[in-house]
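Below is one structure, written out as structure tokens, with a few remarks after it.
Rule-based calculations on the coordinates, nothing more; no lab input. What you see is a predicted model, and the numbers here were worked out from it, not measured in a lab. When we count neighbours, we look across all protein chains shown, and the Cβ atoms used for this are built from the backbone with ideal geometry, even at glycine.
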């Protein structure tokens, strides 16, 4: 199991890194080309604003996998260090458990949203693309980022355990 | 109102305990909403809110401006900015600190992040100030404080978030940030001048540059100036929307980086794009959480109860803004700028509208206050950034060094408060 997670996590993270980078690049290029097209050739890209909306959602949820994998979310650090010293294990389990719970909740709700848009046959307003393409991809990426979070915490705990063992054997 | 206050108390406790801010605000928001309307309504609200925010066209300005900042950061342009500022100011007493302030302002004009500004300028100006035997507190204090200009001088991510939360025009907010930003630059320079007047050894004058070096230094910042004018001018002239301007800015920043020999390999591009998307994702997690939480707060009726409380207390618009600014100062000691904007502004929004407060002016006031939070203890993010890049400088010296600048920011706050025209003059020309 350990070796499987150690094998899986870097590959998922690399995949979402490439994906988020490509999506963000397309977003930048699309915005730029749209403005150029409008002013230089009087031919803006049809539905560019809607495409940018979709790209934004996909960029966020693909990059969320990277943030989750190394747990680099925004934290208030005023007392965290002191509390962690006081109850290191309990603190870790509570924080990690809560993060997993919250991320699972978000993924679940996004999945339901995607499912609804599929059953209702919702279409996007301007381009009239099936909405499920976007909502489904966002839900999938959200589940992927949940997997990154769980695997990331698992790997972090493995390293921590190894560090603790090293420290205790060193002190012995 | 009680349930909303309980929600806030639980949220602050969770944040203090170390729970991730985005997750904590989202879950507290969902539970609070469920308490008032039931679980199924709360779940549906959360899913819809997250999906809609993730696909909000106006919010797409955030990743693109972050990307622009990352490209500029990678282009290592800060050296040129510092040299150009030094060319004009270096030979005066405290000249390197004055140059640092101006270079920070220049960097802020193309990068909306205070932390990036502080981190970059520490690498550039700290060695120079060490060489000229500047006191550690003046050197580090100047950089930490100069970095705060990043969130005031447009393009500024906090101003974008404020614009989204308060439904104000982002272009107008950017325009409103220009004069207060320049005012703060002047006040920071006065703060440096005061410090070196009291203690001349703290900041000796630098060696003058040769005319050729001066010309070269000034020429090298041309592209930065052009990019700033293009982005802001485009918004000002209604040629681009802020989102389009951010796309143009990001491409322009990439071209500058390319012209300077950076972003030449796939890995360099990947690093920059991943860094920007990662920052975006972490920020959006907080935005999702805060907007779900705001739904709960709105449902609790707290913002509207506050209207009656403000009425009962007979608070004038000015007193109300002072009160909100005071709370923001307190919050600045706990939360970072985004947290303040996302949690505080929605609560007081109806009261501020009711009191006919100019929301553009108020946005600038709140951002100045959050600037304070970046350099005041116990968090003072910029102080810690400077410390991490220059580990040999004692934290106490950095906090000591920022005191003159805290006073300068307070003076700036009072000036913008007493003379709102400082903030609303430029947007007034556009309205």
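The table that follows gives values for the structure above.
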item	result
Kirkwood hydrodynamic radius (C-alpha pairs) into Stokes-Einstein, the protein assembly as shown, 10 °C and 1.306 mPa s, D in µm²/s	63 µm²/s
Ascending count of other beta-carbon atoms within 10 Å, so fewest first, for B:83, B:271, B:207	B:207, B:271, B:83
Estimated FRET transfer efficiency when R0 is 45 angstrom, pair residue A:94-residue B:260 (beta carbons, to 0.05)	0.45
Rotationally averaged projected area of region B:117-172 (alpha carbon convex hull; nm²)	4.4 nm²
Selected from B:44, B:272, B:253 as most flexible by GNM, with chain B as the system and alpha-carbon contacts under 10 Å	B:44
Paired Rg and Dmax values of region B:205-307, which use every Cα atom, in angstrom	21.5, 66
Normalised alpha carbon radius of gyration of region B:153-192 [divisor 2.2 N^0.38 Å]	1.32
Cα-based convex hull volume of region B:99-222 per residue, rounded to whole Å³	109 Å³
Principal-axis tilt of helix A:132-171 within chain A, Cα atoms, nearest 10 degrees	20 degrees
log10 of Debye I(q)/I(0), alpha-carbon scatterers only, for region B:61-136 at 0.15, 0.18, 0.22, 0.23 Å⁻¹	-0.48, -0.66, -0.90, -0.97
Computed label-point distance, nm, for sites residue A:15 and residue B:130 using a 7 Å Cα→Cβ extension	4.5 nm
Inter-label distance for residue B:123 and residue A:154, nm, one decimal - labels placed 7 Å from Cα along Cα-to-Cβ	3.6 nm
Top of A:152, A:37, A:136 by mean-square fluctuation, Gaussian network on chain A, Cα under 10 Å	A:37
Kirkwood hydrodynamic radius (C-alpha pairs) into Stokes-Einstein, region A:42-119, 10 °C and 1.306 mPa s, D in µm²/s	100 µm²/s
Least to most buried among B:215, B:93 (fewest other Cβ within 10 Å first)	B:215, B:93
Surface/4 estimate of mean projected area, convex hull on alpha-carbon atoms of region B:12-69, nm²	5.4 nm²
Convex hull volume per residue in cubic angstrom - Cα atoms of region B:191-243	138 Å³
Shape metrics for region B:291-391, restricted to C-alpha atoms - Rg then Dmax, Å	15.2, 52
Alpha carbon centroid spacing (whole Å) that separates region A:104-152 from region B:188-222	54 Å
Cα-only radius of gyration and Dmax that characterise region B:1-113, units Å	22.6, 68
Average Cα contact separation per residue, chain B, under 8 Å, 6 or more apart, as relative contact order %	26 percent
Relative intensity, log₁₀ I(q)/I(0), of region A:1-63 from a Debye sum that treats every alpha carbon as a point, q = 0.12, 0.14 Å⁻¹	-0.42, -0.51
GNM result for chain A, Cα springs below 10 Å: residue of A:147, A:83, A:45 fluctuating most strongly	A:83
5 Å binning of all Cα-Cα separations within chain A, expressed as whole percents from 0 upward	1, 8, 12, 15, 15, 13, 11, 8, 6, 4, 3, 2, 1, 0, 0, 0
Pair-distance profile P(r), taking every C-alpha pair of region A:85-164, with 10 angstrom steps and integer %	18, 34, 22, 15, 9, 3
Estimated 222 nm signal from helices in chain B, with DSSP H stretches of n ≥ 4 weighted -39500 (n - 2.57), rounded to 500	-26500 deg cm²/dmol
Over chain B - Rg/Rh using Cα atoms and the Kirkwood inverse-distance radius	0.98
